[in-house]
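Below is one structure, written out as structure tokens; the observations come after it.
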Amino acid sequence: MRAKLGVIGAAAALVVGLAACGGSGAGGGGGAGTSAQPQDLLVGVSMPTQTSERWIADGNSVKQQLEKAGYKVDLQYAGDDIPTQSQQVDQMITQGADLLVIAAIDGTALSSQLQAAAGAKIPVIAYDRLIRDSEHVDFYVTFDNFQVGVAQANALLTGLGLLKEDGSKGTATGPFTIELFAGSLDDNNATFFFKGAMSVLQPLLDNGTLVVKSNQKSIEQGAILRWQQETAQRRMEDLLTSSYNDGTKLQGVLSPYDGISRGIITALQNAGYGTAQNPMPVVTGQDAEIASVKLIADGVQNSTIFKDTRLLAEQAVVAGQAFLGGTQPKANDTTTYDNGVKVVPSFLLPVETVYADTIKPVLVDSGYWTADEVAKGQAG
Ligand code: BGC
């Protein structure tokens, strides 16, 4: 934890340091390397939705950190509506943004906006989600998305007793009955999460340790459009009706995101799971949303994957300042993220699995959530 806070401190110092030498910033209306001061520069920040806490935290962190460095910020949320996001980005360009930071709803839907940004010499940073099918994505800040899937699958195996929390072999042998959920197919991350998870689960499906009773094993079959909780609940209800009405007990669910996990858990509880005789299956998650952290503390949800949005925001700010200062940001991955047109230079951050016994050290001690928020299952 101390190491992590050290990283936060170092990045913050870099932000302040770069802001202090702001004379080399970009000029208004886009275009890096001119002599404008940070206060003359506008950064457009486009976020997908406010229905998930993580995007609110991301938006707030990026805005605060940019403002602290002296920039003007136009932060917009698109309500998970693709035309709204396109329109908001168009407007940022028209209003003379000098830099765009975009977490896309549909990774393939912003080509014409990016074309316009390139025409106006506005650098574009893809935030968390890769923007596809455009050569005008200048940089990508994200987490190690394949590793998120690996961590989710390992958490599932740990919950089932096939692994121990330290990664060593557990005492259970199976076979275990599981079901697989995936994210929204228009989000590039969903594929990375699923591929990462299947890299761990496939051998165990092949040798019969794990059994998907519905036989719905492809990402297309498991996908939940826009990562919607209600859609996930409906799919879980359908699976229980179609494949578990013979009395077979479901023992584990691979879930890629906490909102989806809550939909799955509601369907399972409505079907009578969650008692001593009929225990809740092992359900994974992602994002450490506060309602799910409480479910983990209460022993209902197994785990979540914590992505520290404060660190991601810092990376976006550091990369943005490089562009605005007329230089290229530093990538730590230049091979993984092919967007269909080019490999986008990326900065990947690590992720951390959270179980009930690591809520305190990982989430509370780092100041992400307070103990009181965890107890209430509510922010603030
Ligand atoms: C993000 C996840 C998030 C999901 C749903 C993905 O692009 O990487 O952290 O759970 O979107 O919002």
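The values are calculated or read from the model by the stated rules, or taken from the named source; none is laboratory data. It should be emphasised that the depicted structure is a prediction, and the values quoted were computed from it without experimental measurement. We place every Cβ from the backbone using ideal geometry, glycine too, and count neighbours over all the protein chains shown. When the accessible area is computed, the model is the full protein with side chains, heavy atoms only, and any ligands, DNA or RNA have been set aside. Shrake-Rupley method; radii C 1.70, N 1.55, O 1.52, S 1.80 Å.
Some points to look at:
- Between amide H atoms placed 1.01 Å from N, distances below 5 Å from PHE347 occur with TYR140, VAL141, THR142, ASN332, all of them 5 or more places distant or on a separate chain.
- Of the trypsin sites (Lys or Arg not before Pro) found in the range 95-201, those in coil by DSSP whose Cβ has at most 12 other Cβ atoms within 10 Å are LYS164.
- Only the Cβ atoms of Lys and Arg (+1) and of Asp and Glu (-1) were treated as charged; on that basis the dipole of the range 70-228 about its Cα centre amounts to roughly 460 debye.
- Zero-based 10 Å bins, Cα pair distances in the range 262-330, whole percents: 18, 33, 17, 15, 12, 5, 0
- Here the dipole of the chain is about 500 debye; that uses its Cα centre as origin and unit charges on the Cβ of Lys and Arg (positive) and Asp and Glu (negative).
- If you take the Cα centroid of the range 153-225 and the Cα centroid of the range 310-380, the two points sit 24 Å apart.
- Rolling a 1.4 Å probe over the heavy atoms of the protein chains gives the range 145-286 an accessible area of 40 Å² per residue.
- Net charge dipole, the range 59-139: roughly 260 debye, given to the nearest 20, about the Cα centre with Cβ charges of +1 for Lys and Arg and -1 for Asp and Glu.
- Given LYS307/LYS342; LYS307/LYS330; LYS169/LYS360; LYS63/LYS342; LYS195/LYS294; LYS195/LYS307, the pairs whose alpha carbons are separated by over 22 Å: LYS307/LYS342; LYS169/LYS360; LYS63/LYS342; LYS195/LYS294
- When Rg and the Kirkwood radius Rh are both evaluated on Cα atoms of the chain, their ratio Rg/Rh stands at 1.00.
- Unit charges at the beta carbon, dipole of the chain: most positive-side option, GLN286, GLN216, LEU42: GLN286
- Portion, in percent, of the accessible area of the chain that falls on carbon or sulfur, probe 1.4 Å: 52
- Our summary of shape: the Cα atoms of the range 191-282 have principal axis extents of 32, 32, 22 Å, ordered from largest down, in whole angstrom.
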